[in-house]
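> Can you read through this structure? Questions will come right after.
The values are calculated or read from the model by the stated rules, or taken from the named source; none is laboratory data. Remember, predicted model here, so these are calculated numbers, not experimental data. Note that each Cβ is placed from the backbone with ideal geometry, even for glycine, and that neighbours are counted across all protein chains shown.
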Amino acid sequence: MCKCLYIPANYPYNKIILINVATRKQVRSIMTEKELLQKNIEEFSRLQTYMLLSAKDSDAYKVMKERYIELKVILTACGVNLTELDRVKE
């Protein structure tokens, strides 16, 4: 299956979409920067809820803490102020 990148002029938010050249049907849409940022903020919030419900000495907590740190770095690099979002504060 041959794919190509295509940006239609009237496509909302100038998303990049993958089109199957043979069938001319959309294969998938690539998220905009704003959508990726929103997804990461939602995951950060949800992850903190799980962390606060878990025992700090559990293996699950240790794995969640690694992802927590990754998300914290990503969001900080994107300019998100974590002062009010960060409930775990580790």
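> State which residue is farthest from R87 (Cα to Cα) when the search covers only region 6-61 and only residues that are charged (D, E, K, R) and at pLDDT below 70.
R24
> Quick check on region 52-84: of everything there that is touching a Leu at 6+ places or on another chain (Cβ under 8 Å) and aliphatic (A, V, I, L, M), which residue is surrounded by the fewest Cβ atoms within 10 Å (Cβ to Cβ)?
In this case the residue turns out to be L82.
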